[in-house]
1. With a probe of 1.4 Å, find how much accessible area the stretch 318-404 has per residue, and write the answer as a whole number in Å².
2. Give a quick list of chymotrypsin sites (Phe, Trp or Tyr not before Pro) in the stretch 364-445 that DSSP marks as loop, anything other than H, G, I, E or B, with at most 13 other Cβ atoms within 10 Å.
3. Could you provide, to the nearest whole Å², the per residue accessible area of the stretch 92-209 with probe 1.4 Å?
4. Viscosity 0.890 mPa s, temperature 25 °C: what is the translational diffusion coefficient of the stretch 374-445 from Stokes-Einstein with a Kirkwood Rh over Cα pairs, rounded to a whole number of µm²/s?
5. Report Rg(Cα)/(2.2 N^0.38 Å) for the stretch 7-149, keeping two decimals.
6. What FRET efficiency do you get for Gln294 and Asp393 if R0 is 30 Å and r is their Cβ-Cβ distance, rounded to the nearest 0.05?
7. Could you bin all the Cα-Cα distances of the stretch 225-314 into 5 Å bins starting at 0 and give me the percent of pairs in each, rounded to whole numbers?
8. Once Rh is set to the Kirkwood radius over Cα pairs, what Stokes-Einstein translational diffusion coefficient, in µm²/s, holds for the stretch 92-209 at a temperature of 4 °C and a viscosity of 1.567 mPa s?
Amino acid sequence: MLDELRGIVGPEHVLTEPDLVAGHLRDWTGRFAAEAGVVVRPADTGQVSAVLAACAAAGTAVLPQGGNTGLVGASVPLHGEIVLHTGRLHGLEVDEVAGQLLAGAGETIGAVHAAAASAGLAYGVDLASRDSCTVGGTVATNAGGLRVLRHGDTRRQVIGVEAVLSDGSVLSHLGGLTRDNTGYHLPSLLAGSEGTLAVLTRVRLRLVPAPGPSAVAVLGLASPADAVVAAGFARRIAGVSAVEFFLPAGLALVREVTGLGAVLPEEHGAYLLLEVDGSAEALVQACEDLPGVQDAAIADDAPGRAALWAYRERHTESIATRGSVIKLDVTLPMATAGEYLDRLPSVVAGLVPDARVWLFGHLADGNVHTNITGVPAADTHRLEDTVLRMVADLGGSIASEHGIGLAKREWLGLGRSEAEIEAFRRIKWALDPAGILHPHAVLGP
Ligand SMILES: Cc1cc2nc3c(=O)[nH]c(=O)nc-3n(C[C@H](O)[C@H](O)[C@H](O)COP(=O)(O)OP(=O)(O)OC[C@H]3O[C@@H](n4cnc5c(N)ncnc54)[C@H](O)[C@@H]3O)c2cc1C
């Protein structure tokens, strides 16, 4: 098998040395790690096709890997899969007239932003992992991020894809037509398929107008429930592009880890970060109409905006310094989000008294990144089960934007009916009859 793979991609692109593969075996959270592995790095779609055909013939499982920033245990080969790394699938071509960009699956989102900006345009998806996560990975996970409120999630940006099925056949629909109702829409199906249906090799993305002047505010509010109400009203502000939240414990941790100063003179029960088109004056006026705002810090120059964003964006890395993190990325309806934020800490404390709960996220979409640290391994499953069932009981989704992967596979039925899961199984086996593409993710083998 290894000889065959070396023949396809070249011997230097089949990695087996422990030093060379180490970074591909451990995920960003440190919670999921494989002991050994093989990494194959094809240079183009033809090589991806040949690798998959060889693996299908041998019955060898394959795990596509982009930037390895995924947070649901699906980006590393926990079951001995061969890692198909997309880092050599390059290419960035902007079509200025169509307002689109054709990208190799291995390009980072940071590189996509730079290419779009050089043509006076922008890409609508942005997330803190932008300099590592890839086009292929963000499509495969249907990544959300900081601008969903304005531009929608990654699926909404995808106009066409090129992808390889497990038998090596290549699906390519990259013509760039935005009105094209010829049969099933495969890009929608592959967005969010988490590497289980096909390997994405190239993607045509829609670009959006470059943002004009904007202002950012960090607002202090009395409680998480007040933040939910204000976030709901903030959606009505003309030109609003982001509504994020965090809590005092997370803010204190970010400040401790990063050395940032105080954002507001006094502590508040919850914080909202708003970004709105226009000047600081316009944002001040908009904030006056929001219920429950106690204080605000506002900036409309680039360094000032970045300084305010840092309080929100540096949460993930700061929490990671507290050891192994249980990451339960969930969505609540706005009607029950306040109840979730209020009740969750005591629910967790009731199960694991020493655990710490860190909550932040994209609140205007109901998204709550639920991070829990200090949980002994023996209590992890019980805790995850309790929190995810609570989310489902409150009418929420157990997988907001990170996907199901392996970490939430067991709870897929909390969000999907048996009939839907059976339809998923039929789609999986129709596209991957050999069952070699990431067989342990989402549905399981
Ligand atoms: C600091 C930080 C902040 C983050 N913020 C956000 C956020 O705001 N919003 C959000 O949605 N996510 C966020 N994430 C999670 C992560 O960045 C996203 O899930 C991202 O889309 C993963 O992309 P990747 O290239 O790293 O994929 P990987 O981690 O390599 O893989 C993720 C999944 O996609 C599959 N896959 C990868 N490439 C391909 C391909 N070419 N074809 C088919 N399948 C493929 C893999 O098999 C795996 O199942 C964050 C992560 C970090 C570390």
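1. Values: 3110 Å² over 87 residues.
Value returned for the stretch 318-404: 36 Å² of accessible area per residue.
2. Here no chymotrypsin sites (Phe, Trp or Tyr not before Pro) fit, given the DSSP loop and packing criteria.
3. Computed with neighbouring chains in place, this is 40 Å² per residue.
4. Numbers: Rh = 13.5 Å.
Stokes-Einstein gives a translational diffusion coefficient of 181 µm²/s.
5. Compactness ratio reported: 1.10.
6. Values: r = 32 Å, r/R0 = 1.05.
Calculated value: 0.45.
7. Binned Cα distances yield the sequence 3, 13, 26, 26, 20, 10, 2, 0.
8. Reported coefficient: 92 µm²/s.
The values are calculated or read from the model by the stated rules, or taken from the named source; none is laboratory data. Everything quoted here is computed from the prediction, not taken from an experiment. Note that we place each Cβ from the backbone using ideal geometry, even for glycine, and neighbour counts take in every protein chain shown. Areas reflect the complete protein model, heavy atoms only, side chains present, ligands, DNA and RNA absent. Shrake-Rupley method; radii C 1.70, N 1.55, O 1.52, S 1.80 Å.
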